[in-house]
Amino acid sequence: MSKEFAQSFFPSFTSFVSSPDLAPSFLVNSWDFIFPDDVVTLCSLPPKVAYIPRRPCLAIASLIGAYIGLNLKSGRRILPREDSIHAILVNSIHESWVKSRVAFGLMNVAALLHHCIIPPPISYQNMNSARKYVDNITWGADCIFTGLSSINLFIMAWLVYKSCAEKKSSKEVKSLTHSIGRLRLSVHVALFTIAVTLPMILDLVFRNGHIDFWSAASTTVEMVYLIPLGAAASLLFPLVVATAFKDFGVCKKGSVDGARVAIFGAILIMASLPLDASLCYFVSNHVPNIKTSPLLHDIYHLPTLLFVGCDVVFWGFHMWINDLINELLAKNIKDA
């Protein structure tokens with residue numbers, strides 16, 4: 001079920017957090033609490049899943065995510081006046097949001113292929129070289145597109161904070177233009193550098209000075225997924241929560257409804273982790289037919305709930321950012 005899914009998608013990370021010899025006890029205990037051993041047997045995928053897609057409910061969530069990322073229209077872009085900080089910020093926020101949204105859509109396409117259309121078998125020993133190559137490509141694309149989406153969300157959040165600034169002089173506006181370019185480069189370089197060097201440091205620490213480069217490469221791809229995601233969430237969601245409750249100082253911008261939708265999606269994501277085992281026990285005891293249903297056997301699984309939560313989050317972001325850009329456009333016209 002979800003434990004097997006996590007171990008196949010984050011092999012290095014899950015090996016670390018589940019190892020009493022490597023990880024702090026609270027991480028090991030949290031892993032065992034979220035993924036009890038009996039759940040793996042009780043709520044695994046049906047043994048004879050020969051049809052495509054392998055996880056139909058996850059496939060639907062991925063298709064919805066691909067639509068949100070690749071088809072929804074965001075707020076319109078404007079040409080900046082030389083002395084208009086609002087126009088520059090609108091264009092920069094718009095650009096970051098579009099890049100994040102498109103990367104999210106491509107991540108869902110890669111996830112659809114990797115998890116549903118051409119999912120890896122339980123054992124890599126049953127795979128030929130070409131099949132392993134395809135699996136690694138779709139897995140890497142899933143992780144990298146997630147990282148790129150998160151990096152641009154991080155940049156977008158910083159720009160939204162900057163949008164609260166008062167009107168500045170033309171000299172300060174030009175400085176802001178340069179600083180936005182430097183910010184984009186710095187954030188990409190910093191987060192990817194951390195993602196590349198951290199696995200090697202961990203190998204040196206936990207492998208007695210020996211670096212396994214294949215293991216480090218795998219861990220690097222996982223870190224490209226996890227580190228930008230954590231950075232974006234830590235900067236963006238305080239802003240979204242403040243908007244949802246109309247408590248962002250003088251910068252009460254963006255759609256309150258959109259912010260609340262995004263928060264609901266985040267709650268669904270966070271609740272799905274501790275509820276994974278509970279849902280398994282509930283389904284097994286009360287509606288066991290779902291576990292063998294051709295269309296619904298993965299509806300209560302953690303991956304499906306995570307993808308649905310992400311879809312809700314990005315739909316909320318779409319509502320919030322569109323209103324934010326429209327408000328900044330109105331302020332730009334007023335200041336003209």
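Numbers for the structure displayed
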{"read-out": "Placed amide H near Arg54: partners under 5 Å, 5+ positions off or other chain", "value": "Ile117"}
{"read-out": "In order through the range 99-112: 3J(HN,Hα) via Karplus (6.51 cos²θ - 1.76 cosθ + 1.60), integer Hz, x for Gly, Pro", "value": "4, 5, 5, 5, 4, 4, x, 5, 4, 5, 5, 5, 5, 4"}
{"read-out": "Karplus-derived 3J(HN,Hα), 6.51/-1.76/1.60, for each residue of the range 300-316, Hz, glycine and proline x", "value": "9, 6, 4, x, 5, 5, 5, 5, 4, x, 5, 4, 5, 4, 6, 5, x"}
{"read-out": "Per-residue ³J(HN,Hα) for the range 129-141, Karplus 6.51 cos²θ - 1.76 cosθ + 1.60, θ = phi - 60°, Hz, x for Gly and Pro", "value": "4, 5, 5, 5, 5, 4, 4, 5, 5, 5, 5, x, 4"}
{"read-out": "Distant alpha-carbon pairs in the range 252-311 (separation over 13 angstrom), percent", "value": "65"}
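Since every read-out is calculated from the coordinates, none of them should be taken as a lab result. Model, not experiment: these values are computed from the prediction.
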